[in-house]
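The block underneath contains the structure these notes are about, expressed in structure tokens.
The values are calculated or read from the model by the stated rules, or taken from the named source; none is laboratory data. Every value quoted in this text rests on a predicted model; they were computed, and no experiment measured them. Reconstructed Cβ throughout: ideal geometry from the backbone, glycine too, with neighbour counts over all protein chains shown.
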Amino acid sequence: MHFLKIAISIAAINILTACQTPPESGQDEQVAANLMQQAKDSTLAFEIVESLTVEVGPRMAGSPEDVKAVNWAMDKLQQLGFNRIYKEPVQVPVWHRGEAKAQVISPYPQNLVITALGGSVATPTQGITAEIVRFDSLAQLKQANPDLISNKIVFIDHATEKSIDGHGYGETVAGRSKGAIEAAKKGAVAVLIRSIGTDHDRMAHTGMMRYSDNVEKIPAAALSIPDANQLNLMLKRSPSINVKLEMSPSTLSDATSYNVIAEVTGSSLADEIVLIGAHLDSWDQGTGAIDDGAGVAIVTAAAKLILDLPQPPKRTIRVVLYAAEEIGLVGGKAYAKAHQHELAKHYIAAESDFGAGKIYQIDVNVAEVAFKPTQQWLSPMTENNIVLGNNQANGGPDVSMLPKQGVPVASLRQDGTDYFDYHHTPNDTLDKIAPKALAQNVAAYAQFAYLMAQSEINLRPIQPETK
Ligand SMILES: [Zn+2]
């Protein structure tokens, strides 16, 4: 181990000499190492997420609690002493969950646990009673004969695989977002999905769904995973399972929310920005601890450590707490629009929005020629058990639209093995956050943000999107 470290240090010194990098660059690494250690010893991030989840709790975009969350964030950032604190208005659609009940009417009468998907319309007050028709996936539904579906409740039964990087979610989430459109096209009266989750709790996972203007809007809900299993066992015994669905969600008029922003003002390159973000809104069922109170705490605490350095960083560190991510990246899109004029000055951006598990890898999305130098510059992060990954980062949901506009991004990838056990359920609560793992995240963001603020690498132009 030691021999390797010495070899790397000598190589690094040779490269630094060859590039005639100013002598401070060694100091930058030292400052980054100190930040990592301070972050690991600090409980600030946990205090922040505890404060948000206890004093505000659930905070659906556009709700009175969302207003409270914005005020909470302004106060908290003020108390922490950031150099510049401001908020920018964002118009957000407002949806209220109401009640959701489901029961098997025949042949095995019993209740099922469901929850409405975000944005769903209500059933008529007398409910909808219809036969279930099951599909393995959205893809199978798309290929099905409409005669099988007309006047039935479509059941999309696509199980989500547990994985460290959450790729299982990527494979099943389209059933949630587009299931109602595809089912309604074929004459279905409602859609029920197996929750996009990896737990076995009797709780359903909500999440956003969409309608299409030209297709009838039918109610959409998620079944808890044990209830989806129960329906399968019933279907094995009887081809005809009849379910009654009663749901009362409602869409209210649009409201104003805010992206809340705080800065550590840079010194020699103050007009250039290193953006670290998270989203302030949450779903209503839990207290929004892992999604995304953790992210709010991680980026805020990381920036605070940099704020407290004796010397300010060269570039400005900008913390953005986005509005209304859950209902369609509304705050992220609004930020990109409002800051169009200065996107060219965004050196790099990253969002923390994958829970509170440890970071195991950092991916970036920079010019191909800048990739290796960037990895080398970020190599002190390996001391925090982080692997230097690939050049295909998307940066996180609220910054995912920035690479198309030329902004380099990074993804600090968290261990998401348990994330989809709790995601968008009543179980998203503070006790799911391990303080040590949270502090490791803060250490990673502090190192990342500081090193990027000091970097002399030209990260642009980035490669055009390949997706
Ligand atoms: Zn989130």
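Within segment 322-337, take every residue that is buried (at least 24 other Cβ atoms within 10 Å of the Cβ) and over 14 Å from GLY295 (Cβ atoms) and give me the one that is nearest to the ligand (Cβ to nearest atom).
Step by step, filter segment 322-337, then rank; the result is ALA324.
Collect the residues in segment 395-410 that are within 14 Å of the ligand (Cβ to nearest atom) and either of a type in the set (S, T, N, Q) or closer than 17 Å to ARG318 by Cβ (or both), keeping them in residue-number order.
Going through segment 395-410, the residues within 14 Å of the ligand (Cβ to nearest atom) turn out to be 395-400.
Passing the criteria: GLY395, GLY396, ASP398, VAL399, SER400.
Matching residues to (1) surrounded by fewer than 20 Cβ atoms within 10 Å (Cβ to Cβ); (2) in contact with a Lys or Arg (Cβ under 7 Å, 6 or more places away or on another chain); (3) assigned by TED's automatic domain parsing to the domain that holds TYR419:
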| position | (1), (2), (3) |
| --- | --- |
| ALA122 | yes, no, no |
| THR125 | yes, no, no |
| HIS158 | no, yes, no |
| GLU161 | yes, no, no |
| GLY175 | no, no, no |
| LYS185 | yes, no, no |
| GLY197 | no, no, no |
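Among the residues of segment 368-388 satisfying the criterion of being buried (at least 18 other Cβ atoms within 10 Å of the Cβ) and part of a loop (DSSP other than H, G, I, E, B), which is farthest from the ligand (Cβ to nearest atom)?
Selected residue: LEU378.
Report, ordered by the first and then the second residue, all pairs with beta carbons closer than 6 Å, sequence separation of six or more or different chains, a first member in segment 267-285 that is over 10 Å from LYS314 (Cβ atoms) and hydroxyl-bearing (Ser, Thr, Tyr), and a second member that is within 15 Å of the ligand (Cβ to nearest atom) and not in a strand (DSSP E or B).
Partner pairs satisfying both residue conditions: SER282/PRO58; SER282/ARG59; SER282/GLY288.
Answer yes or no: is there a residue in segment 289-303 that is polar (S, T, N, Q) and surrounded by 24 or more Cβ atoms within 10 Å (Cβ to Cβ). Talk me through it step by step, then tell me what you get.
Start the filter on segment 289-303 by keeping residues that are polar (S, T, N, Q), which leaves 300.
From what's left, surrounded by 24 or more Cβ atoms within 10 Å (Cβ to Cβ): 300.
Checked segment 289-303: at least one residue is polar (S, T, N, Q) and surrounded by 24 or more Cβ atoms within 10 Å (Cβ to Cβ).
Take SER250 and decide whether it is modelled with pLDDT of 95 or more, more than 16 Å from the ligand (Cβ to nearest atom), over 23 Å from VAL442 (Cα atoms) and in contact with a Lys or Arg (Cβ under 8 Å, 6 or more places away or on another chain). Write out each step before concluding.
Details: modelled with pLDDT of 95 or more: yes; more than 16 Å from the ligand (Cβ to nearest atom): yes; over 23 Å from VAL442 (Cα atoms): yes; in contact with a Lys or Arg (Cβ under 8 Å, 6 or more places away or on another chain): no.
In short, no.
Residue by residue through segment 271-286, note down the ones that are surrounded by fewer than 24 Cβ atoms within 10 Å (Cβ to Cβ) and out of contact with any Phe, Trp or Tyr (no Cβ under 8 Å at 6 or more places or on another chain).
ASP271, ASP284, GLN285
Considering only residues that are hydrophobic (A, V, I, L, M, F, W, C) and more than 15 Å from the chain's Cα centre (by Cα), look in segment 274-289 and name the one that is nearest to the ligand (Cβ to nearest atom). I'd like the intermediate steps shown before the answer.
First, the residues of segment 274-289 that are hydrophobic (A, V, I, L, M, F, W, C): 274-276, 278, 280, 283, 289.
Next, from what is left, pick out any that are more than 15 Å from the chain's Cα centre (by Cα): 274-275.
Details: VAL274: 21, LEU275: 17 Å.
Among residues in segment 274-289 that are hydrophobic (A, V, I, L, M, F, W, C) and more than 15 Å from the chain's Cα centre (by Cα), the one nearest to the ligand (Cβ to nearest atom) is LEU275.
What number goes with the only condition from (1) free of Cβ contacts under 8 Å to residues at least 60 places away in the same chain; (2) over 30 Å from GLY179 (Cα atoms) that GLN140 does not pass?
Unmet condition: (2).
Report every pair of residues separated by at least 6 positions or lying on different chains whose Cβ atoms are under 7 Å apart, first residue within segment 309-321 and buried (at least 18 other Cβ atoms within 10 Å of the Cβ), second among the acidic types (Asp, Glu).
From segment 309-321, the pairs are ARG315/GLU272; THR316/GLU263; THR316/GLU272; ILE317/GLU263; ARG318/GLU263.
Suppose the filter is in the same structural domain as GLU326 (by TED's automatic domain parsing), out of contact with any strand residue (DSSP E or B) (no Cβ under 9 Å at 6 or more places or on another chain) and more than 15 Å from the ligand (Cβ to nearest atom); does ASP415 pass it?
Details: in the same structural domain as GLU326 (by TED's automatic domain parsing): yes; out of contact with any strand residue (DSSP E or B) (no Cβ under 9 Å at 6 or more places or on another chain): no; more than 15 Å from the ligand (Cβ to nearest atom): yes.
So ASP415 fails the test.
Starting from residues that are part of a loop (DSSP other than H, G, I, E, B) and under 20 Å from ASP165 (Cα atoms), keep the ones in segment 352-367 and report whichever is nearest to the ligand (Cβ to nearest atom). Write out each step before concluding.
Within segment 352-367, the subset part of a loop (DSSP other than H, G, I, E, B) is 352-358, 366-367.
Restricting the remaining residues to those that are under 20 Å from ASP165 (Cα atoms) gives 352-358.
Values: SER352: 9, ASP353: 4, PHE354: 8, GLY355: 9, ALA356: 12, GLY357: 14, LYS358: 18 Å.
Checking each candidate, the answer is ASP353.
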